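Student: Encoded as structure tokens, here's the structure I'll be asking about.
Throughout, read-outs are computed from the coordinates displayed, never taken from laboratory work. This one's a predicted model, so the numbers in the text were calculated from it and none came from an experiment. Don't worry about glycine lacking a Cβ; one is built from the backbone with ideal geometry, like all the others, and counts go over all protein chains shown.
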Amino acid sequence: MYNGSAITVKMLEGGIAEMNFDLQGESVNKFNTQTVTELAEALKLLDDAEDVKGLLLTSGKGVFLVGADITEFVPLFDGASGSIGDHLSKNHENFNLLEDLDFPTCIAINGYAMGGGLELALACDFRVMSSVAKIGLPETKLGIIPGWGGTVRLPRVAGADTAIDWICSGKEQRPDVALKAGVVDGVVAPEDLRDAAIKVLQDAIDGKMDYESRRDQKTEPLKLNETESMMVFETSKAFVAGMAGPNYPAPVVAIECMQQAARKYRDDAIDIERAGFEKVAGTSVAEALVGIFLSDQLIGKKAKGWEKQADKKVERAAVLGAGIMGGGIAYQSAYKGTPIKMKDINQAGLDLGLSEANKLLSKRVNRGRMKVEEMGKVLASIDPTLSYDNFDEIDIVVEAVVENPKVKHAVLADVEKQVTPDTIIASNTSTISITYLAEALERPENFCGMHFFNPVHAMPLVEVIRGEKTSDTAVARTVAYANAMGKKAIVVNDCPGFLVNRVLFPYFAGFMGLLKDGADFQQVDKVMERFGWPMGPAYLMDVVGMDTGHHAEQVMADGFPDRMTKTYKTAGDVMYENDRYGQKNGKGFYVYETDKRGKPKKVVSQETYDLLAPETAAIKEFDKEEIIARMMIPMATELARCLEEGIVGSPAEADMALVYGVGFPPFRGGIFRWIDNMGIEKFVAMCDQYKSLGKLYEATDAQREMAANGGKYYTL
């Protein structure tokens, strides 16, 4: 009946038509312009046909349909390609026509049906799902809301409570959850999916299943009286607003759309959804979060590209140095399926590393995310050892001993003698030059950095650092291992502090300058947390550890003396000299007490102010914009230098490293998107306003050139 490059329609026995989605040239199906256009043409043919009794919707790919082509939405943020409403309306027409066909429809969901993919499914009369498929409406994670009827049909199919939960969380939903919620009508094994969907469709054709009453339910007002509606939606808005916070408006707007549309018929309800979509899509938050999504795809694609270049798969790994970090690396490797040796020089270290892995696995068991038998298998794949026995079977070794160059040199030289000539050795150093550490090795080409962030299981980023003699083979195998561990690998070139720490310490330097001039560390923390950071700089320094920071600060000063050498005793120095190392010993800028759940809780102590008083000006209130400028300019200019020097390959990789490595607020899209949003001219002017504070506050020559030419870091 129809043969396009994204959709085909053919007739089966018994008057059933099969619409198959199989977008040519793409690994997944998505609603790009081609698919939307062909869907309109195919549905028009079906609507005009006289011999069709039912419609089966299937996918020719392992993933059913991942939703909209998000790249087509990007130009709409600045209004360059017409209104967002016009963009949405084409598929509204398609889905309404699908829902209004004169015969029943059934969709066979064989893989991911996300966003527009699920909205397509909701427009069908019946939904059958593979037992390995996933569905969901993730739009709020992109700062937008479902735009093709999701806020209209899901509440009418599954109830308001389920719709609010699914849409506001943006989570993927398992088949059993979808079945229980009534979003799908059946869950079957993958090999039975097609036959089951055809059986459902045939029963509807034969009158055994009432599809018309289902349509009435989806196209009429929601079955809630005014009191019930107010209780459901108002309560949810208050809860969701508290959870999402003021910087993420989309979840609350989604609830408002559902509430306003509750007493409306389908077409009027869809108009309300469209207005809500336009409202959030026009925000900087949506632009930033879509940018994060696209940047994440880019770093994933680059990491996959490196993995394809790997000479072999990492079947067996090893970590040197147990303890908290080594135990965390061992846990992550074993949990994700790569057996690992965990070597230390004493039993106490091994016990600590195993304890860390056991603690993390026990949490999963206690939360119902893992069975006890699975936990046993993971623990069994961690091999604690005091010797180098069988290290000649290892594909990659991660050195995670103390952050001391002499110790690392000795350990690296030692382990190289125990492994095969093609084994890759990686250092988990956070600051020490990879090129310098490689001097201890006979095969420096097989050596690189693999910098994990603490805690390993929670922090997504791994910096893979290329030294001067590091080979592509070493980088490729290390990235492949990071991928296998479920991490976001970003390849950077060697320099003091690499990428993340190199730009983090100028941020801390801005903080120290504020305190010297009389800022209250509590006020700075509050301002930067409102800016979007998960914790303010004083709290972050306490978490990092004042001793760790003191060491890294010296590395930065040695590497970049023109702008990172200290010219005064800082508040950080005062904390360090008074053994206030932060959370690790219970006192830093804050004092830490244990709460009911055994977690450290920060408490303000007058002692901190007394210790700081001799080295700082009298405390005064600072304008919040000055605090933000003085904190962010040093980080932004240093990140620009990293990009200009080729330490990092692109603005997207630089931004994602800070989002995944230190929690830069995602709703701002990264440092470079933050600058683009502000305007590079305004950023340079802000730098000039504070240039008296030192070289860290000077815009780079390239930034000044961009400002003169109206440049931007991102074109999309």
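Student: Report Rg(Cα)/(2.2 N^0.38 Å) for the chain, keeping two decimals.
Tutor: Working: Rg = 28.4 Å, N = 716, 2.2 N^0.38 = 26.7 Å.
Cα Rg divided by the expected 2.2 N^0.38 Å: 1.06.
Student: Now, a different point. For residue 180, list the aspartates and glutamates whose Cα falls under 16 Å from its own Cα; do not include residues on the same chain fewer than 8 positions away.
Tutor: 161, 165, 172
Student: Where does the Debye-calculated log10 I(q)/I(0) of segment 497-617 sit at q = 0.17 Å⁻¹, using only Cα point scatterers of equal weight, no solvent?
Tutor: -0.85
Student: Let me ask something else. Skipping prolines and chain starts, which residues have an amide H placed within reach, meaning under 5 Å, of the one on residue 582, given they are 5 or more residues away or on another chain?
Tutor: For residue 582, the qualifying residues are 546, 587, 588.
Student: Sorted by packing (mean other beta-carbon atoms within 10 Å per residue), highest first, where do 699-708, 328-337, 157-166 land? It would help to have the intermediate numbers written out before the result.
Tutor: On the way: 699-708: 16.1, 328-337: 23.7, 157-166: 20.6.
The packing order, highest mean first, is 328-337, 157-166, 699-708.
Student: Would you kindly derive the ³J(HN,Hα) couplings of segment 50-67 from the backbone phi angles with the Karplus curve 6.51 cos²θ - 1.76 cosθ + 1.60 (θ = phi - 60°), listing them in order in whole Hz, with x for Gly and Pro?
Tutor: Karplus values, whole Hz, x for Gly and Pro: 9, 9, 8, 10, x, 10, 9, 10, 9, 10, x, 10, x, 9, 5, 6, 8, x.
Student: Compare the Cα positions of 479, 511, 552 along the charge dipole of segment 447-579 (+1 at Cβ of Lys, Arg; -1 at Cβ of Asp, Glu; about the Cα centre) and return the one farthest towards the positive end.
Tutor: 479
Student: Quote the charge dipole size of segment 313-494 about the Cα centre in Debye, to the nearest 20; the model charges only the Cβ of Lys and Arg (+1) and of Asp and Glu (-1). Can you show the working numbers first?
Tutor: Details: 21 positive and 23 negative charges, 190 e Å.
Charge dipole of segment 313-494: 920 debye, to the nearest 20.
Student: Let me ask something else. Please give the direction-averaged projected area of the C-alpha convex hull for segment 2-282, in square nanometres with one decimal. Provide the component values of the computation, followed by the final result.
Tutor: Details: hull surface 55.7 nm².
Mean projected area of the Cα convex hull: 13.9 nm².
Student: Determine the calculated [θ] at 222 nm for the chain from helices alone, applying -39500 (n - 2.57) to every DSSP H run no shorter than 4 residues and normalising by the residue count; nearest 500 deg cm²/dmol.
Tutor: -15500 deg cm²/dmol
Student: Over segment 501-709, calculate the relative contact order: mean separation of alpha carbon pairs under 8 Å at least 6 apart, over the residue count, as a percent.
Tutor: Value for segment 501-709: 24 percent.
Student: Sticking with this one: Residues with beta-carbon under 14 Å from that of residue 236, excluding residue 236: net charge, scoring Lys, Arg +1 and Asp, Glu -1?
Tutor: Details: positive: 237; negative: 161, 165, 228, 234, 256.
Every neighbour counted, the sum reads -4.
Student: With unit charges on the beta carbons (Lys and Arg positive, Asp and Glu negative) and the dipole taken about the Cα centre of segment 89-248, which residue among 122, 98, 163 sits farthest to the positive side?
Tutor: Going by the charge dipole, the pick is 163.
Student: Same structure, new question: Which one of 140, 275, 614 has its Cα pushed farthest toward the positive end of the charge dipole of the chain, where Lys and Arg give +1 and Asp and Glu give -1 at the Cβ?
Tutor: With unit charges placed on the Cβ atoms, the residue in question is 614.
Student: Let me ask something additional. Does segment 154-209 come out rounded, prolate or oblate, given a ≥ b ≥ c as the square roots of the eigenvalues of its C-alpha gyration tensor, rounded meaning a/c under 1.5 and, failing that, prolate meaning a/b above b/c? Walk me through the intermediate numbers first.
Tutor: Values: a/c = 3.73, a/b = 1.70, b/c = 2.20.
Oblate.
Student: Which of rounded, prolate, oblate describes segment 376-501, given a ≥ b ≥ c as roots of the alpha-carbon gyration tensor eigenvalues and a/c under 1.5 marking rounded, otherwise prolate only if a/b is larger than b/c?
Tutor: On the way: a/c = 1.44, a/b = 1.07, b/c = 1.34.
It is rounded, given that a/c, with a ≥ b ≥ c, falls under 1.5.
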